[in-house]
Amino acid sequence: MLTIQRLVLVVLFCFEISASARTTEGSVHLPLVRKEVRRSRPDVEKRDRGSAAIGLGDYLDVTYNVLVKVGDVETPLVLDTGSADLWVVSTQCTGECATHVPLYKQSSFHPTGQQVQLLYGDSRTGTHASGPIGTDNVSIAGLTAHEQYLAAIIDTNTTVLETGSAGILGIGFPAISVLWRQLLQAQLNKSPPSKRHRPEFPSFDFLLEPSHPHTKRQTTPLLSSAEVIASFATYGPLFARLIGQNALASPMFATTLQRDTLDIGGNVGLLSVGQLPAGIQSDSLTWVPLRAYTPQEGGLPPAPDAPNEVYPLVWEIAIDDVYFDGVKLQRSSLSSSSITLSALIDTGNSLIRGPQDVIAEIYDHLGGEDFDCAKPHTLSFQIGGKMFPVDSRDFIRQSYADSVDRCTANLAITDPPGQGFLYSWSLGDPFIKSALVAFHYGNLTRPSQDPPRIGLLSTVPENHGDLLTKAIDAADQTSDNFPATSDAAPSGTYVATSTGVGGVPQASSSPLNTTSSPGGSPSSASLSCSRIPSTGSLLLYAVFTAGLLGSWIAL
């Protein structure tokens with residue numbers, strides 16, 4: 001689910017555009033790093049279990065996006081593992097829709113006559129995106145799904161456009177797709193649900209017949225689970241349909257995310273679809289099963305011929321324990337002890353979100369919400385018996401302009417589990433930047449035959465605390481501000497300059513002669529666009545105009 005920091009920015013753009021591609025049998029590799037491999041670009045149409053390649057964009061570590069072709073328009077969309085709907089802002093959008101990225105023209109859009117309003121966030125934050133539902137051809141890195149259902153957004157108050165994207169590509173499980181649910185319900189000749197829908201927790205009540213005309217509780221299945229899942233092939237999200245077309249060598253994708261703030265570099269920003277990145281072996285990852293939701297917990301009803309099947313809803317995994325600076329934190333008292341501690345792994349969340357009382361305990365250890373930047377801190381999650389720390393450079397952000405003395409943690413509180421999803425934590429980009437994460441859908445119809453799972457490989461170097469200290473010293477000697485840069489989603493592919501922990505490809509660093517200034521302006525800060533030899537990325541150097549970086553908004 002997309003949650004990002006709202007930043008007021010003055011930006012300068014420097015473009016150097018080129019196209020390239022490479023192909024891999026049965027898989028897609030979508031990396032982000034600043035050195036581009038220049039090759040001729042192949043046909044972007046899908047080939048037999050093959051693929052082209054394309055890079056990812058990174059907007060100040062707030063959102064990560066990828067170029068997706070919708071109809072005749074190729075435009076960057078936010079990559080979001082926390083949702084499962086595809087929507088693109090249309091040229092017919094009214095209101096605050098000005099942007100430098102291409103909008104969807106709807107010239108080849110085939111409307112269904114239905115409207116949808118997607119609501120994002122939790123009880124503390126919330127935004128919307130609304131518009132008609134229809135179909136068009138959609139391609140990502142040469143993989144094409146014809147007659148893909150999507151929403152053409154004509155009204156939104158999200159900040160997606162402000163972060164260099166034109167919409168969201170949800171790559172979660174089909175069962176949480178609002179579009180799928182609404183379209184299937186209409187097919188069943190029932191009244192479509194209200195166009196206002198918050199994708200917090202799905203309801204499958206429309207698949208059930210009332211046991212009595214006057215009872216609200218529905219118990220008799222109207223459709224079997226097999227028939228429902230078969231509808232994924234028609235109404236489902238993009239990745240589910242590509243899996244159904246046998247377009248992928250394996251029903252999975254993997255991510256590593258680049259760091260574009262504070263100490264630029266780290267892992268290469270990489271989306272690999274269909275297999276793990278080159279050089280990474282499956283047995284080097286720690287694999288953990290996803291939480292499955294029974295019908296009693298609100299999950300998908302099983303098929304009569306497979307009554308013991310239970311299905312995942314989101315990319316949610318169990319957590320053994322949570323540690324801060326080596327000290328095990330107490331479990332939250334805000335949720336039942338009978339609920340297994342778990343976390344959503346969410347690329348659309350720029351924070352680490354957790355229970356209010358546990359987050360408060362972390363701040364107690366820090367001495368308050370505003371603390372000394374120079375002392376490295378390590379927040380770690382024990383998963384599958386192994387520790388997965390958050391790099392200390394990704395745990396913090398600068399609190400005040402022109403000073404790297406005081407910092408704030410990349411943390412936020414969220415609703416406790418109860419009615420609905422059962423996870424207590426949402427591990428967003430600060431966590432994902434510290435690991436290679438593999439997302440395996442498994443068998444969407446019979447999960448017991450190929451269980452869905454997540455694989456993790458920590459990429460945090462042992463000296464990450466020393467690297468934080470060096471980054472602070474470098475900022476002290478220049479502008480007293482941490483650097484920040486962004487890369488637009490390119491149409492070509494990139495290669496890493498080296499490998500790091502676990503053999504994971506590493507990103508190169510930007511020149512540090514240009515830095516961001518949280519309190520500066522074009523007239524008061526020295527800003528320029530520096531060309532990096534043999535690159536094809538857009539560099540965006542941002543000036544934060546807000547003094548305190550503490551305002552967060554959910555998309």
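Once you have the Cα-Cα distance between ALA318 and ALA374, take 0.36 nm times their residue separation minus that, and quote the gain in nm to one decimal.
Stretched out fully, the ALA318 to ALA374 stretch lengthens by 16.9 nm.
Stick to the Cα atoms of region 306-443, pair each with every other, and give me the Kirkwood hydrodynamic radius in Å at one decimal.
The answer is 16.0 Å.
Once Rh for region 242-290 is found with the Kirkwood sum over Cα pairs, what is the Stokes-Einstein diffusion coefficient at 4 °C and 1.567 mPa s, in µm²/s?
102 µm²/s
How high is the relative contact order of region 424-483, given as a whole-number percent (alpha carbon pairs under 8 Å, six or more residues apart)?
26 percent
Give the accessible area for HIS128 in Å² (nearest 10); use a 1.4 Å probe, count only protein heavy atoms, and leave out ligands, DNA and RNA.
Taking all protein chains as shown, HIS128 has close to 40 Å².
Probe 1.4 Å, all protein chains in place: accessible area of THR469 in Å², nearest 10?
Counting only protein heavy atoms, the figure is 60 Å².
Please work out, to two decimal places, the log10 of the ratio I(q)/I(0) at q = 0.11, 0.16 Å⁻¹ from a Debye calculation in which every Cα of region 219-328 carries one identical scatterer.
-0.58, -1.04
How much FRET efficiency would the formula 1/(1 + (r/R0)^6) give for ASN137 and ASP473, where r is the Cβ-Cβ distance and R0 is 45 Å, rounded to 0.05?
So, using R0 = 45 Å, E works out to roughly 0.30.
How would TRP425, TRP287 line up by accessible area, probe 1.4 Å, largest first?
So, going from the largest accessible area down, we get TRP287, TRP425.
Roughly how much of GLU297 is accessible, in Å² to the nearest 10, using a 1.4 Å probe?
Per-residue accessible area (GLU297): approximately 80 Å².
The values are calculated or read from the model by the stated rules, or taken from the named source; none is laboratory data. Every value quoted in this text rests on a predicted model; they were computed, and no experiment measured them. Cβ: placed from backbone, ideal geometry, glycine included. Neighbour counts: every protein chain shown. Areas reflect the complete protein model, heavy atoms only, side chains present, ligands, DNA and RNA absent. Shrake-Rupley method; radii C 1.70, N 1.55, O 1.52, S 1.80 Å.
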